[in-house]
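Worksheet for the structure shown next.
Quick note: the coordinates plus some simple rules give every number you see, no bench work behind them. The model shown is predicted, which means the values in this text are computed figures rather than measured ones. Every residue, glycine as well, gets a Cβ built from its backbone with ideal geometry; the counts of neighbours run over all protein chains shown.
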Amino acid sequence: MNDVAGELFLIATPIGNLADITLRALETLRQVDLVAAEDTRTAKKLFNHYQITAPLISLHDNSSARRLDELLVKLQVGVKIGMISEAGTPGISDPGYRLIQLAAQAGIRITPIPGACAAISALSAGALPLDAFYFVGFLPSRSGPRQRRLEGLKEITATLIFYESPRRLDATLEIMEKVLGDRSACIARELTKVYEEFLRFPLSQLRALGAERTWRGEITLLVSGCDRDRALTPAALANAESQIRERLADPDFVKDYSNRDLVEILQSEFPHCKRRQIYDLVLTRK
Ligand code: SAM
């Protein structure tokens, strides 16, 4: 690759199973001039497995401003750089953001090469609502800021996604139950690996499990959004339907909106109701 313009490729790599890499990621890793890697040792394992020979340079959270400048200058003079993190999608609870931001400001073309991401894999199989989700990543490690962060998430109705270390999981489950209440949750452990496991239980039961076992491996934790458990019971859904009917019977509410607007507004007010159900109520209103 020796076009005039440089390009930054954000290349997703596996989160455990080495086969989880796309054909395009391999092709890109073979074509770039240089790969900036969070951890060059992990990168070498991947490179050896797939016979990739691109030169490696390390880029992590503690990299100096000089290292970033060096990479930016290379991009500006036409070098094609691939960026990879230790696992998964670069920049997602991983380094990368500073270079992405600098490259964007400098007008460098930035191309994502999508692939594995623990948050999305956990969410897809966690069996908690998927219509809206909120990625939190790691909570602060100190207990005061941790509690405050959770307080700030209390009202969010979307499914919450956390990354957590096995060492802290018990303490996290305890404080979550205290601050968020006993919500439905899922521990997605060792995704894509031999001991992959999904534990789909309320926070209190996950906490009880923690008393019987020692958590190991990599963990992504999903927690149901505010009121979603309650909102999904048949009684709650029937109640929501009567509230929607009431809203639609109010001439002051409906007069300024098209049917389409009404559906949008009501869907945001009642996120747990099916769009189709709201649509039918709007069309059949008296
Ligand atoms: N960039 C990565 C991604 O796209 O998912 C995440 C990097 S973050 C530093 C690492 C955290 O992601 C781990 O501590 C764990 O919480 C979660 N994680 C990574 N791999 C995982 C796996 N195989 N199973 C479950 N969680 C995983």
Subject >> Sites excluded, chymotrypsin sites (Phe, Trp or Tyr not before Pro) in DSSP loops with at most 14 other C-beta within 10 Å, longest stretch of the chain >> reply: 1-194
**OP:** Divide, for segment 119-226, the radius of gyration over alpha carbons by 2.2 N^0.38 Å, where N is the residue count.
**Re:** 0.96
Subject >> For E164, residues with placed amide H under 5 Å, excluding near neighbours >> reply: I219, L221
Subject >> Karplus-derived HN-Hα couplings along segment 89-106 (A = 6.51, B = -1.76, C = 1.60, θ = phi - 60°), whole Hz, x at Gly and Pro >> reply: 8, x, x, 8, 6, 9, x, x, 4, 4, 5, 4, 5, 4, 5, 5, 4, 8
**OP:** Work out the length of the dipole vector of the chain about its Cα centre, built from +1 on the beta-carbon of each Lys and Arg and -1 on the beta-carbon of each Asp and Glu, and round it to the nearest 20 debye.
**Re:** 260
**OP:** Quote to one decimal, in nm, the extra length available between R142 and Q243 on full extension: 0.36 nm per residue of separation minus the C-alpha distance between them.
**Re:** 32.2 nm
**OP:** Quick one: which residues, 5 or more positions from F9 or on another chain, have an amide H under 5 Å from its amide H? H modelled 1.01 Å from N in the peptide plane, none for Pro or chain starts.
**Re:** I81, G82, M83, T111
**OP:** May I ask you to give the average projected area over all directions of the convex hull of the Cα atoms of the chain, in nm² rounded to one decimal?
**Re:** 19.4
Original post:
P(r) tail for segment 230-283, what percent of Cα pairs lie past 18 Å?
Top reply: 24
Original post:
Over segment 6-142, what per residue volume does the convex hull of the Cα atoms give, in whole Å³?
Top reply: 135
**OP:** Just tell me which lysines come within less than 23 Å, Cα to Cα, of K193; anything on the same chain fewer than 8 places away is out.
**Re:** K44, K45
